[in-house]
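Here is the structure we will look at.
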Amino acid sequence: MIRLLLVDDQTIIRQGIKSLLESQADFEIIGEAENGEQAINKIQILQPDLVLMDVRMPIMDGVAATQIISQKFNRIKVLILTTFDDDEYVSQAIRFGAKGYLLKDTPIEPLANAIRLVYAGHTHLGPGLIEKVITHPSNFSPPKNSMIPPELTELTPREKEVLNLIAKGANNKEIAKSLFIAERTVKNHVTSILTRLNLRDRTQAAIFAHSFLYLLNEDNNTNSNNVCDR
């Protein structure tokens with residue numbers, strides 16, 4: 001049973017979402033909140049498995065609440081469910097710890113499946129939203145002074161090539177064609193990448209790549225320049 005907390009400032013919206021989700025045998029709606037601050041207070045008492053979070057709300061918005069939840073209650077997953085697909089909202093929500101982002105017009109079956117995926121530890125973005133990550137990678141990147149995760153530096157050159165292509169949205173067949181290798185080999189590289197970086201799926205890999213690969217490239221370029229200078 002997946003225990004859910006619904007957070008939305010509009011009562012009628014919460015009631016509608018609750019009615020839809022209660023039709024799923026593996027969901028239990030254990031509470032509701034009207035804003036981020038109220039959600040955090042209820043989380044401490046109710047300890048839900050997953051929070052369905054709106055973005056624009058009074059007192060404390062969903063992005064700020066998501067950041068606090070990811071810091072203080074990192075076991076609890078946050079899935080953004082909103083009417084806004086602005087790049088800023090999507091990027092901030094993901095950077096602050098949201099594991100999924102969907103629009104409120106998502107039909108019940110895709111919504112229910114997204115909840116199950118996020119609960120299981122996967123990252124899930126609604127239709128068209130992953131393209132925002134791919135098209136505008138700088139919006140999803142950490143500050144320039146961020147440290148390169150040591151796991152990334154341990155990837156082989158070929159794995160870095162595969163990761164770059166994953167970040168561009170290429171599937172295994174397209175990666176194999178681009179790198180002139182067998183599709184089976186690509187699958188092995190993808191498995192190795194996910195294992196080394198402790199990621200669950202390709203969506204997480206794409207987001208991770210956009211966040212850190214440019215830092216690694218800059219580091220490599222700097223090292224190359226230093227060698228040339230000497």
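The values are calculated or read from the model by the stated rules, or taken from the named source; none is laboratory data. All values reported here derive from a predicted model rather than from experimental measurement. In this analysis, Cβ positions are derived from the backbone assuming ideal geometry, glycine residues included, and neighbour counts consider all displayed protein chains. Areas reflect the complete protein model, heavy atoms only, side chains present, ligands, DNA and RNA absent. Shrake-Rupley method; radii C 1.70, N 1.55, O 1.52, S 1.80 Å.
Out of everything in region 1-21 that is assigned to a loop (DSSP other than H, G, I, E, B) and either among the charged types (D, E, K, R) or out of contact with any strand residue (DSSP E or B) (no Cβ under 8 Å at 6 or more places or on another chain) (or both), what residue ends up being surrounded by the most Cβ atoms within 10 Å (Cβ to Cβ)?
Here the answer is D8.
What number of residues in region 22-38 are under 27 Å from N113 (Cβ atoms) and assigned to a helix (DSSP H, G or I)?
Counting residues in region 22-38 that are under 27 Å from N113 (Cβ atoms) and assigned to a helix (DSSP H, G or I) gives 1.
Please give the number of the condition N41 fails out of (1) surrounded by 17 or more Cβ atoms within 10 Å (Cβ to Cβ); (2) not in a loop (DSSP other than H, G, I, E, B).
Result: N41 fails condition (1) only.
Does G97 satisfy the condition of being surrounded by 17 or more Cβ atoms within 10 Å (Cβ to Cβ), over 21 Å from the mean Cα position of the chain (by Cα) and not aromatic (F, W, Y)?
Criteria not met by G97.
Tally time: how many residues in region 62-82 are assigned to a loop (DSSP other than H, G, I, E, B) and either at pLDDT below 90 or open to solvent by less than 60 Å² (accessible area, probe 1.4 Å) (or both)?
3
Would you confirm, using the coordinates I've provided, whether P127 is free of Cβ contacts under 8 Å to residues at least 40 places away in the same chain and either within 10 Å of the chain's Cα centre (by Cα) or assigned to a helix (DSSP H, G or I) (or both)?
Considered against the rule, which asks whether it is free of Cβ contacts under 8 Å to residues at least 40 places away in the same chain and either within 10 Å of the chain's Cα centre (by Cα) or assigned to a helix (DSSP H, G or I) (or both), P127 comes out as no.
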